[in-house]
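The values are calculated or read from the model by the stated rules, or taken from the named source; none is laboratory data. Being a predicted model, the structure only gives us computed values, none of them experimental. Cβ placement follows ideal geometry from the backbone for every residue including glycine, while neighbour counts extend to all protein chains displayed. These area figures cover heavy atoms from the full protein model, side chains too; ligands, DNA and RNA do not enter into them. Shrake-Rupley method; radii C 1.70, N 1.55, O 1.52, S 1.80 Å.
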Amino acid sequence: RLQESRERLSVCSKLCYAVGGAPYQITGCALGFFLQIYLLDVAQVDAFYASIILFVGRVWDAITDPMVGFFISKTPWTRFGRLMPWIMFSTPFAIISYFLIWFVPDISTGQVMWYLVFYCAFQTLVTCFHVPYSALTMFISREQSERDSATAYRMTVEVLGTVLGTAIQGQIVGKVDTPCIESPFFFSLTNSSVAMEELNMTHDTESLTDTRNAYMIAAGVIGGLYILCALILLLGVKEKRESSELQSDEPVSFLQGLKLVMNHGPYIKLIAGFLFTSLAFMLLEGNFALFCTYTLGFRNEFQNILLAIMLSATLTIPFWQWFLTRFGKKTAVYMGISSAIPFLIVVVVVDSNLFVTYVVAVAAGISVAAAFLLPWSMLPDVIDDFKLQHPNSHGHEAIFFSFYVFFTKFTAGVSLGISTLSLDFAGYQTRGCSQPDQVNFTLKMLVSAVPVGLILLSLLLFKLYPIDEEKRRKNKKALQDLREESNSSSESDNTELASIV
């Protein structure tokens, strides 16, 4: 009892730990919703090069996760711990690179390399923060119940972080009226890109000064929150070396573990289903600001519509947690993810209507909540099933989670790259007050038809997912039997040892 009381975490410690998850979500949400429209309309990067920046940045972000995880595992212990130094030293450089992403350099050439370098640099540095932070769960207590409780605090703060990132970036930027170029005649020209370049030469680039300043102010506010959250984490949480002692006797071979994991059927089916789901919602996230601005004509309302999506997602996560415990996780997948389909169809079929758009935003937020919660709820079931099939293989849990994150981030890079490239082929006009019909049609496809098709495909894949509620209960009981058998054998060994002594 004394040992258990020592291992208990205070509410203050749990809150300090949870706050550390906010920077990743705040910056990720701001970049996900606003970076594309910023590159195209504020930095005035060509759509083709913008697609390269977004694609390479996200793919590099996916690659850095296993790399950083490998280097952390080789890091020696210090008086601050093994993980805390990574968080401590990456924070200031991450903030600098994040701020420079939202800065428009006064250079005629090399602008594309500027954004590519600092976007990739930030993704690397935020990974150096988030990977050790995620692993910190295993180093704050040896009590599983305390870890679970701290994780619940963390998920709550992370969801609030997505709302905060959308609100800060959207409200600051939305207060400034970004000037556009009224030139209805250039759409009929055969070489509209040349015409657009000539028009840009006749307009003063200083007309974008207020908009650019607004993006930098938002970056400064978010950077300040990043520092504050990192300080709270570093000062309020103690990394305990003894809490990380593993029960397995033999070191785990990464390649052997990876081979076993990738050959596990339920994991492949689950990850395939959520890959298509993630691709659908990433397309919606990356293009929704452009869709609201140009196709629907809500140039001054898009930041509020985005905020409605994230608020709806935040408020409905407890509902989906109750729903999956009451009706099962596969049922929650079908109901939660498919609920967005009719609303995504309505938003492009019905004429531009602000009320309908807000209704669609709220409905999309409900599905976003389900897509946010369910993967992390279903992955442990897959790991339990794996343990039953491979009872003598231990320590592969990190592979399941890290490669799910890797594939999700890689998919995000592909979706953003393809969507921005599609807009370039359709003839996207930088800073235009309106866009050609081909661009509006492409945006409708990217936020409605393509996501709906991907969601339907993911639902078919989930139909093949074998772990339903009955299977999950059987696995749980079988694991309990294995643990009891292991404990009883351990107790008999201790009794035999005591008799020998």
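Among the protein heavy atoms, those of Ser338 account for about 40 Å² of accessible surface (1.4 Å probe, every chain in place). Taking all protein chains together and a 1.4 Å probe, the residues Ser448, Ser422, Ser352 rank Ser352, Ser422, Ser448 from largest to smallest accessible area.
If R0 is 60 Å, what FRET efficiency do you get for Ile96 and Lys463 from their C-beta distance, rounded to 0.05? Before the final figure, lay out the partial values.
Working: r = 47 Å, r/R0 = 0.79.
The pair Ile96/Lys463 has a calculated efficiency of 0.80.
Here the simple spin-label model places points 7 Å from the Cα toward Cβ, and for Leu235 and Phe319 these points are separated by 3.9 nm. Leaving out ligands, DNA and RNA, and with a 1.4 Å probe, what % of the accessible surface on the range 252-487 is carbon or sulfur? Here carbon and sulfur together make up 65 percent of the probe-accessible area. For the range 252-487, the Kirkwood hydrodynamic radius from C-alpha pairs, put into Stokes-Einstein at 10 °C and a viscosity of 1.306 mPa s, yields a diffusion coefficient of 82 µm² per second. Spin-label model, Ser149 to Leu255: label points 7 Å out along the Cα-to-beta-carbon direction sit 4.4 nm apart.
Between Leu479 and Ile217, the C-beta separation translates, for a Förster distance of 56 Å, into a calculated FRET efficiency of about 0.60. FRET efficiency for the Asp384 to Ser207 pair, using the beta carbon distance and R₀ = 45 Å, is estimated at 0.15.
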